[in-house]
Amino acid sequence: MFRSVSDRGLVRRYYLYRATIAVGFITPVFTLFLLRTLTFTQVGILSATYSGLSVVGEIPTGYVGDRLGRRASLLLSVLFTVVSLAGFVLASGFLWYGFLYALWALSLTLRSGSMDAWLYDTLTERLDSGQFSHIRGRGDAVQKWTAAVSMVVGGLLYGLHPSYPFVAAIGFNSLGFLSLLSLPKNRQYAARGDDGNSADRLDPLETVSVIYTYLARPPLRALILYIGLFYAVLGVSSTYVQPMVVETLGPYATAIGVQVPAGGPIAAARAGEAGAALALGLGVLYAVLTAVSSAGGYYAGTIEDRLGVHRAVVVVPVLTAVALVVPLWIALVALPAFASMRTAKPLVQPIANGYINDHAEAVGRATLLSSVSMLNMLLRTPLALAAGMLADATTATTAVAALGGLFLVTGGAVWLLGEIAPETGVVSGDRASKSAS
């Protein structure tokens, strides 16, 4: 049976779940942790491996979400996240890290479609699907504020020992099991009998049909390609934020007395070295940027109301890409560039996903959203390899600037050749009908 819980309490429990999936303890130091034993190219290979496995795993895990239930998929995601974090404490080396990246990819693909599908279906059943962007965006903000606090602690812990942030993350992310068990199942899964049969299940052939129907033609085709490329550029760029911080801002830190390991900022960035003060500084910097970026998710609904879906999903990525290019010539612009990187996706994603949900049927929604993530990862795979090799040959800052330039050129072509998020009637009718009532 559907759990008896107030509508307001249901939203609060969703926000609690979003808090438990924050990975702030390891975020500000993760790339530095890897660079202690790996090169930029190897880090790029790991990122490409993660992206490639995500491509392979998105559809099956989206199918799991539609077949077994969204909450079951999310519980599996927490399990694989915790196991992966534990692995970074217990093992090291390129091959071991490759296996742990595979677990991490599996955990994220299990969550990518099911989290939004659960929320949209629950809002349709209990509240108002028109509130999806608002509540989803607020959930992003809660996750980011939680991450901001833990980032400061993570930087401090890394200064004491590189494995300590991972230990803290294991304990904190394990709370996700409890928060998920407090959430109700969607009604179509809660109402199933013991035989497991249900008319609203998809078989594999129907799953392929859902993907083709919605992604291979307007109104979603151009939107999915555009935001998929944007998410891929942001995902690869985020890998190089820590070495980019050391490269661009290290000289300024040295000038005010902060100790940088021998060899200078560039050498320290390449070796993954960080003194205690620098590691703590990275934690504080990430926390501040994350706190600022939480405004993206918090005001996603407001931005959608004022600009409309089309303007929001076109303009925000363009401005962000420009911000990635400028630090190549003006180092201090790296700070607003980092803020833009971390603000853009939580601002755009609720708006884009709300539009996608409006143009999809309830059955297969998790599979459809997982397909969107699959395209993102498919585009990300070659970008990760190319960025890693470019960073080794030049600098992390140069690699990030190249990614921003690539999006401006390629995204501009998509915009010119296709109509991105045109105003059309929704397929599901849920948001339109409830907004009119």
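In table form, for the structure just shown:
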| item | result |
| --- | --- |
| Residue-normalised accessible area of segment 23-154, given per residue in Å² at a 1.4 Å probe | 31 |
| Note, ³J(HN,Hα) from phi for segment 330-347, Karplus 6.51, -1.76, 1.60, rounded to Hz, x at Gly and Pro | 10, 4, 5, 5, 4, 4, x, 5, 4, 4, 5, 4, 7, 8, 5, 5, x, 7 |
| Mean Cβ count within 10 Å, highest first, over the residues of peptides 99-112, 28-41, 308-321, 410-423 | 99-112, 28-41, 308-321, 410-423 |
| Rounded to whole Hz, the Karplus (6.51, -1.76, 1.60) HN-Hα couplings of segment 108-114, x for glycine and proline | 6, 5, 5, 9, 4, x, 5 |
| Modelled label reach - residue 91, point 7 Å along Cα→Cβ, segment 20-42 residues with backbone N closer than 17 Å | 34, 37-38 |
| Sites residue 182 and residue 408 - FRET efficiency at Förster radius 41 Å, r taken between beta-carbons, to 0.05 | 0.40 |
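The values are calculated or read from the model by the stated rules, or taken from the named source; none is laboratory data. Just so it is clear, the model here is predicted, and its values are computed rather than measured. Cβ: placed from backbone, ideal geometry, glycine included. Neighbour counts: every protein chain shown. Please note that ligands, DNA and RNA were not included when accessible areas were found on the heavy atoms of the full protein model with its side chains. Shrake-Rupley method; radii C 1.70, N 1.55, O 1.52, S 1.80 Å.
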